[in-house]
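Everything on this sheet refers to the single structure shown next.
All of the numbers you see were taken from the coordinates with simple rules; none came from a lab. The structure displayed is predicted, hence computed values, not measured ones. Cβ: placed from backbone, ideal geometry, glycine included. Neighbour counts: every protein chain shown.
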Amino acid sequence: MTSLAFIIKLDCSPVCSVNRFRLPTANNNLIGSLPNEIKAIELLERLELYANTVTGTLPTTISALSNLILLDVEQNLLTGVAIPSQVYNLTSLLAYRASNNILTGTIGSDIQRLALIQQLWLSTNEIRGSIPTQLAACSDLEYLFLYENLIVGTLPSELGSLEILNDLRVYNNTLQNTIPSELFQASNLQSLRVQFNFFSGTIPTEIGALTSLTDLQIDSNALSGALPSEIGNLSLLGKHSAGKLTE
Amino acid sequence: MSHQHSSAPILVSTENLVVSNNFLAKQIPDVFQNLNRLNYMDVSNNLFTGTIPLSIFQTRSIRILYFSNNTLSGTIPTEYSQPLFLTNLFLDGNVLTGTVPGIASGQLQQLTELLLEFNFLNGTMPSSICSLRGGGGMLAALFSDCGGSSPQIFCEYPSCCNRCFEGGGVTKA
């Protein structure tokens, strides 16, 4: 068995100039918890441990990685709180990918400290609590994956202010109440997957404003009323051009 | 090395439209003619009434269409044979009447599942549909109300329809 501590040290010594550490994926020999030595790699911008068998919790020393822009621990066996306090300190983070683990806890209002975050992937865990309205303060958010958790409460209408939100997936939770019409002000939304929840009320006619929407999955809820005719607008001419001059 | 340039805007259109398993009601709006990239629409298991929207068959990209288990009435529109890439058409569990329209040769060549059971359709299954089973097409599942002592629709089992139900409003198990 190879320990993570060994590998990370190997990449870092004698001079810690590495700015990217990527653990080979799907290597079942790489079992173990994240070492505290991880703080040695101060220049680290990308820590990618995707698809391994890393166990335990994220070390508290991770908060020393002040230049980290990508923390990818997706598809491991991590336990503990999904967003521990040391992650909220990583204010340079553009992407936190922690899907497919065994993470628990709630998404705290501190999420707004990750002011630059573009990708928040927390799907397929055991996260509880509700979606904090403070998420709307993360104005660079493009990908919000909270699906397959134990999240309760409502879909905050404030998320409609996320102008570049591209992909919102909250399916397979126990969300309730209406799909807020304000959500459809997020005019860059291309994929909206809210299926397998307990949403009720009607499908807002404002949905017709989402002319970039290519993927609408709102099945298996308790929605009533008519299917708004505005869904026929979801095909208007996009603003994209068909490609720049390339060579 | 290739040069590509176009100032033409890309048509952006919904690809997946999935609203099944809700309590949605009234007529399905007939507004799909511009959704030119739509390939999967599922409105099944709702309370929709009225007729099958004709414009859905103008979306040439459509592959999968699930209308199952609503209260859709009227007839199967003859336009149903137009989408070139249609693989699954589920119309089962509605209150459709009339006969199954025949198709021209070369149409519905990709169709693998056509579910028509639990409706009020009658007449005879067109030979042009039966020929999609076996050599003439890809149709693996053709289900209709062709069972019982006085079948609602005549369809040879199992060479044409490979499952026959007793229709006429019999509740599906």
Check residue A:234: other-chain or 5+ apart residues with amide H under 5 Å from its amide H, H built from backbone geometry?
none
Which ³J(HN,Hα) values, rounded to whole Hz and listed in residue order, are derived for segment B:54-70 from phi using the Karplus coefficients 6.51, -1.76 and 1.60 in 6.51 cos²θ - 1.76 cosθ + 1.60 with θ = phi - 60°, glycine and proline given as x?
5, 5, 5, 7, 8, 7, 5, 8, 5, 10, 10, 10, 10, 10, 3, 6, 10
Just checking the output field for B:32-41: average partner chain Cβ neighbours within 10 Å of each residue's Cβ?
3
Would you be so kind as to identify which of B:32, B:21, B:65 lies farthest towards the positive end of the dipole of segment B:12-173, taking Lys and Arg as +1 and Asp and Glu as -1 on Cβ and the Cα centre as origin?
B:32
Under the definition of Cα pairs under 8 Å and six or more residues apart, what whole-number percent is the relative contact order of segment B:12-173?
15 percent
Computed ³J(HN,Hα) along segment A:96-108: with the Karplus parameters 6.51/-1.76/1.60, θ = phi - 60°, integer Hz and x for glycine or proline, the list is 10, 10, 10, 4, 6, 10, 10, 7, 10, x, 10, 8, x
